[in-house]
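Working notes, beginning with the structure itself.
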Amino acid sequence: MAYALRRIGVTVLTIAASLVIFGLLWQLALTLMHVNSYVGKTPLDVWDYLFVDNPMTPDQTAADNRAHLFGLLWVTLGHAALGFVFGVGASVVVAIVFALARPIEFMFMPIAMLLRTVPLLAMAPVIYLVFGNGAVTAAFIGGVVVFFPLLVNLALGFRSVGAQAVDLVRVYGGSSWTVMRKVAIPTALPHFFASMRIAVPGAITGAMLYEWLFTFQGLGAGIVTAKSQSDYPQLWTIVVFITVVSIVLYTIATIVEAAVLAKWGPDAGRR
Amino acid sequence: MTSSAFTRSQLDRRGFLRLGGAGALALAGSSFLAACSSSSPSSGSSSGGKKDYGTIALQLSWIKNIEFAGEYFATEKGYYKDAGFSGVTLIANSGSTTAEDVVVSGQALVGLSSPSATAPAIAKGAPLKTIATTYQKNPFCLLSLKEKTPISTVDDLKGKTVGVQSGANQVIWEGFLKANGLSTDDVKTVATQYSITPLESGKYDAHFSYLTNEPILATQDGYTPVTLGFADNGLPFVAETYIVTQDTIDNKRDLLKAFLVAEIKGWTDAVKDPAQSATYAVTKYGKDQKLDQTEQTSEATAQNGLIVTADTNKNGLFTLTQDLIDENIKSLAAMGVTTTADKLFDTSIIDEVYKENPDLIVSLPVPSA
């Protein structure tokens, strides 16, 4: 228990330290590059936007700003979750199919990688015509961003099963599916979680891309609107929101990873 | 090895990676900022004798098509050179930056914009002024198709779906709704890009457009365009306005006057010769856009209707009458932006230009539109 507490403490401290360094570098970059203060806002400006009422704009209080941005954040997290679930689900299924039937992997993996290189921005009108602009498109855009890194890592994970372990299962009469369950999946778990750490921020990027291209909702559209209204404090605050949320979700992913691998990973039970 | 020691060393490495990640983010950010702050325009001395203003940059409001024909003429015919510039760099815009940012941060000395973007920027503290305008009325409109759902009046709009580009156009669209007493409950708005393909395939009923651009593209695709102009329906504000910082007005007044003289000469030529405007856009300045000569000529001809009015024939191109300025302030109020004429406009420079060069006032045929 004490160990768990200490670990959480270390994690929180690490995040705090990285945020402080991030803030310092941010301030330093603005100062050294002589960025115009109208466009380039400092960490202090973001703080003011969120917590200090501006007497110049009495109808826009800090509390309004917070409510506005948190409203947008939940929408974006919803879209990110949609893309994440869709992307992770699809890549797990496809990777298992690839592992069970190797020729399919040889046939489709290059095509999958080719699809990855198609710029979503250029495809936006086509995607709109095919899928519309609702939840399906949110899942699709987020999924595309998440799907490919996960697929490559999982395929590699399933392929790196130990020959002796497979032989053992075979000797006892196990099927391919048994090999998959008893050997391949535990072997692939570290690969799965490594790509999960890419997938979490990727899903947020995908959600914002979807919101920017197809909707007027969430932080993705909010950042464009803020820009066109020259509301730079809001724009920078949105960037901070996205950065902090990504770091927090990334950390949660690493904690889940450590816990799961300790119990079910390839080295589980090894002392 | 104990399990706890194993996990801890893992964690430490991850902690390091986390820090590294934050550092990389900051680095990426700073290189982006570096790109923003590089290249400031050089300014020449304005002492007596032959003026030398060096090279300045002009931030355009869109890609290099006939919307900037006057600038092409001024370059080709040497009007910028005659006015004392080594050159004027024309910076194209794909819709992702605003001229306000570019001018405030000093990457361009002059920008082409619209009060719908400039007024909010000024409200947020941007030290900018509008000194002249190319278009006497804005070209924003809703494009619908006669073959699908024609929308020619505000009443037709109720219950329809409209495709609008996020960003600056979205702000103007919301202003149009407000100015006409409509809300998003009356008209459904969906996000779209600049392509009119979704309109033509019936995904929505109307597309937020430029009068001089998308309707002509729709004609080319074999449709009959129906337009609902914002300028004639509650939002009469100017567009393609020249914006500069207050600092430039205070310290480089002569340069601005020389620049406007060259611009007036260029645009006078451009208005007279739509075909040559199109040729410059198609064969030289917008060559990489693969523009169409016939379509660009039609656009240039349509554009004249926005530039030339009875007022400009009397006072000169780019001028703003007091009535027009008042209309702009009213339109902005309808869009929810409270501002005053002296905060947004400074017409003293263009007025001086015409006082010093009265021969620049040329009467041009007012297109019937």
Subset of region A:217-265, residues within 20 Å of the chain's Cα centre (by Cα) and at the interface with another protein chain (Cβ under 8 Å from one of its Cβ atoms), comes to A:A221, A:T243, A:I247, A:Y250, A:T251, A:T254, A:A258
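Looking at A:V118, A:V46, A:V92 in this structure, which one is more than 30 Å from B:L128 (Cβ to Cβ) and either modelled with pLDDT of 90 or more or not assigned by TED's automatic domain parsing to the domain that holds A:F147 (or both)?
On the way: A:V118 fails: either modelled with pLDDT of 90 or more or not assigned by TED's automatic domain parsing to the domain that holds A:F147 (or both); A:V46 fails: more than 30 Å from B:L128 (Cβ to Cβ).
Of A:V118, A:V46, A:V92, the one residue that is more than 30 Å from B:L128 (Cβ to Cβ) and either modelled with pLDDT of 90 or more or not assigned by TED's automatic domain parsing to the domain that holds A:F147 (or both) is A:V92.
Looking at A:I198, is it modelled with pLDDT under 90, more than 19 Å from A:L100 (Cβ to Cβ), surrounded by fewer than 23 Cβ atoms within 10 Å (Cβ to Cβ) and of a type outside the set (K, R)?
On the way: modelled with pLDDT under 90: yes; more than 19 Å from A:L100 (Cβ to Cβ): yes; surrounded by fewer than 23 Cβ atoms within 10 Å (Cβ to Cβ): yes; of a type outside the set (K, R): yes.
Yes.
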For helices (runs of 4 or more DSSP H) lying entirely in region A:55-135, having 3 or more residues that are within 30 Å of A:G174 (Cβ to Cβ) and among the small types (G, A, S) picks out A:62-100
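Which of the residues that make up region B:244-276 are of a type in the set (G, A, S) and in contact (Cβ under 8 Å) with a residue 40 or more places away in the chain? First the steps, then the outcome.
Filtering region B:244-276 down to residues of a type in the set (G, A, S) leaves B:258, B:262, B:266, B:270, B:275.
Residues satisfying the conditions are B:A258, B:A262, B:G266, B:A270.
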Of the candidates B:L128, B:L109, B:L143, the one satisfying the condition of being over 23 Å from B:F318 (Cβ atoms), buried (at least 24 other Cβ atoms within 10 Å of the Cβ) and modelled with pLDDT of 95 or more is B:L143
Filtering region B:153-172 down to residues that are over 17 Å from B:A121 (Cα atoms), buried (at least 17 other Cβ atoms within 10 Å of the Cβ) and among the β-branched types (V, I, T) yields B:V154, B:V162, B:V164
B:F230 vs (1) within 14 Å of chain A (Cβ to nearest Cβ); (2) in contact (Cβ under 8 Å) with a residue 40 or more places away in the chain: all pass except (1)
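So, in region B:54-88, of the ones that are polar (S, T, N, Q) and under 16 Å from B:L256 (Cβ atoms), which residue ends up farthest from the chain's Cα centre (by Cα)? Spell out the reasoning first.
In the first step, residues of region B:54-88 are kept if they are polar (S, T, N, Q); the result is B:55, B:59, B:61, B:65, B:75, B:86.
This time we only want the ones that are under 16 Å from B:L256 (Cβ atoms), so: B:55, B:59.
On the way: B:T55: 22, B:Q59: 9 Å.
So, considering only residues that are polar (S, T, N, Q) and under 16 Å from B:L256 (Cβ atoms), the one farthest from the chain's Cα centre (by Cα) is B:T55.
Which members of region A:138-172 meet the condition of being more than 17 Å from the chain's Cα centre (by Cα) and touching a residue at least 24 places away in the same chain (Cβ under 8 Å)? Before you say what the answer is, go through the steps one by one.
Keep residues of region A:138-172 that are more than 17 Å from the chain's Cα centre (by Cα), which gives A:155-172.
Answer for region A:138-172, where residues must be more than 17 Å from the chain's Cα centre (by Cα) and touching a residue at least 24 places away in the same chain (Cβ under 8 Å): A:A155, A:L156, A:G157, A:F158, A:R159, A:S160, A:V161, A:G162.
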Scanning region B:178-197 residue by residue, the ones that are buried (at least 20 other Cβ atoms within 10 Å of the Cβ) and not β-branched (V, I, T) total 2
Restricting region B:325-369 to residues that are surrounded by 15 or more Cβ atoms within 10 Å (Cβ to Cβ) and hydroxyl-bearing (S, T, Y), the one nearest to B:V238 (Cα to Cα) turns out to be B:S331
Restricted to region A:20-54 and to residues being within 10 Å of another protein chain (Cβ to nearest Cβ) and of a type in the set (V, I, T), the residue nearest to A:P233 (Cα to Cα) is A:V39
Among the residues that make up region B:102-119, is at least one of them assigned to a loop (DSSP other than H, G, I, E, B) and of a type in the set (S, T, Y)? yes
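Considering B:I325, B:I329, B:I350, which residue is of a type outside the set (D, E), assigned by TED's automatic domain parsing to the domain that holds B:K265, part of a helix (DSSP H, G or I) and within 15 Å of B:F259 (Cα to Cα)?
Selected residue: B:I350, the only one of B:I325, B:I329, B:I350 that is of a type outside the set (D, E), assigned by TED's automatic domain parsing to the domain that holds B:K265, part of a helix (DSSP H, G or I) and within 15 Å of B:F259 (Cα to Cα).
Per-residue answers, yes or no, for (1) over 24 Å from the mean Cα position of the chain (by Cα); (2) more than 12 Å from chain A (Cβ to nearest Cβ); (3) part of a strand (DSSP E or B):
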residue: B:G175; (1), (2), (3): no, no, no
residue: B:V190; (1), (2), (3): no, no, yes
residue: B:L199; (1), (2), (3): no, no, no
residue: B:G202; (1), (2), (3): yes, no, no
residue: B:S209; (1), (2), (3): no, yes, yes
residue: B:L235; (1), (2), (3): no, yes, no
Residues of region B:65-104 being crowded, with 23+ Cβ neighbours inside 10 Å, away from every other protein chain (no Cβ under 14 Å) and hydroxyl-bearing (S, T, Y), in sequence order, are B:Y72, B:Y79, B:Y80
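The values are calculated or read from the model by the stated rules, or taken from the named source; none is laboratory data. Only a predicted model underlies this, so the values are computations on that prediction, with no experimental measurement involved. Positions of Cβ are backbone-derived with ideal geometry, glycine not excepted, and every protein chain shown enters the neighbour counts.
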